[in-house]
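For reference, the structure is listed below as structure tokens.
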Amino acid sequence: MALEAPEIPKFPPIKKEYMVVVALIIFAVVPSVFFYTQYQMAKQRLANPAQFAAEEGKKLVDAVSKLMTLPGDEVPTVATVNDKEKLKNQPFFANTENGDKVLIYTNAKKAILYRPSINKIIDVAPVNIGPTNASESAQIAAVATPAVPAVKFVLRNGTNIVGLTKKLETELKGIMKNADIIDKDNAKRRDYEKSIIIDIKGNKAAQAAQIAKDVSIIVGSMPEGESTPSADFLVILGTDKK
């Protein structure tokens, strides 16, 4: 008796409109997840900078340890090259680029120059952190304690209430050690009810959201008639901050 092949069930074709809806959902969700992740990272960085730096340092050590054997009995000092031009005359930094990382092991007397962008060790040099070799120590010290980049604010009073910008300046410097208030002035209008923070360059949305939360204001866009300052953020104060 001949065996018959099992009948393959037929499913109705997927309608094109369903495929379009699924694609739209994907395109809507992916950016949201990305910006939420960036927001959480910025929030963590502002809330506990020491912990964030320690975690970033551990990730860096883990990456470099896969390329070479590292001293296992000490935690290195980690620095970032922010201005290679200031270091170009120092042999250790002859081939450095901005963004390179320096791991300095004081006890092991070793410095490692690492480039995260290509996951490559650029140079390794002995370091004598002591009075017998002050010149060499000074070379490494040039990047051993890099300054945290300043966050530049312009504050404008959008009310007739005196002292609002000074009050916010004190508040910002209390929560951000790297807050740099480069200008305080009056806004074009003096009838603002809600205080707003504007991300001038449009690339610090997560940080703007965190700052807004910390000082109890809202994120907004540049109001018509206001001049655009050369800063990271513009804050216009309303009567809600009296």
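Quick one: which of 229-240, 201-212 comes out on top by average Cβ neighbours within 10 Å, and what's the full order, highest first? Mind dumping the intermediate values first?
Numbers: 229-240: 20.6, 201-212: 17.6.
Sorting 229-240, 201-212 by mean packing, highest first, produces 229-240, 201-212.
Name all residues of the stretch 157-176 having a backbone nitrogen under 20 Å from the label point set 7 Å from the Cα of Asn186 along its Cα→Cβ direction, giving them as ranges.
Answer for the stretch 157-176: 157-169.
Net charge around Ala108, counting only other residues with Cβ within less than 9 Å of its Cβ (Lys, Arg = +1; Asp, Glu = -1)?
0
Roughly how many Å is it from the Cα centre of the stretch 200-242 to that of the stretch 79-103, as a whole number?
The stretch 200-242 and the stretch 79-103 have Cα centres spaced 34 Å from each other.
Tell me the GluC sites (Glu not before Pro) within the stretch 56-94 that lie in a loop according to DSSP and have at most 13 other beta-carbon atoms within 10 Å.
Numbers: sites: Glu56, Glu74, Glu85; in loops: Glu74.
In loop regions of the stretch 56-94 (DSSP not H, G, I, E or B), the sparsely surrounded GluC sites (Glu not before Pro) are Glu74.
Every number here is computed from the coordinates shown, using simple stated rules; none is lab data. All values derive from a computational prediction rather than experimental measurement. Counting neighbours? That spans all protein chains shown, and the Cβs are built from the backbone with ideal geometry, glycine included.
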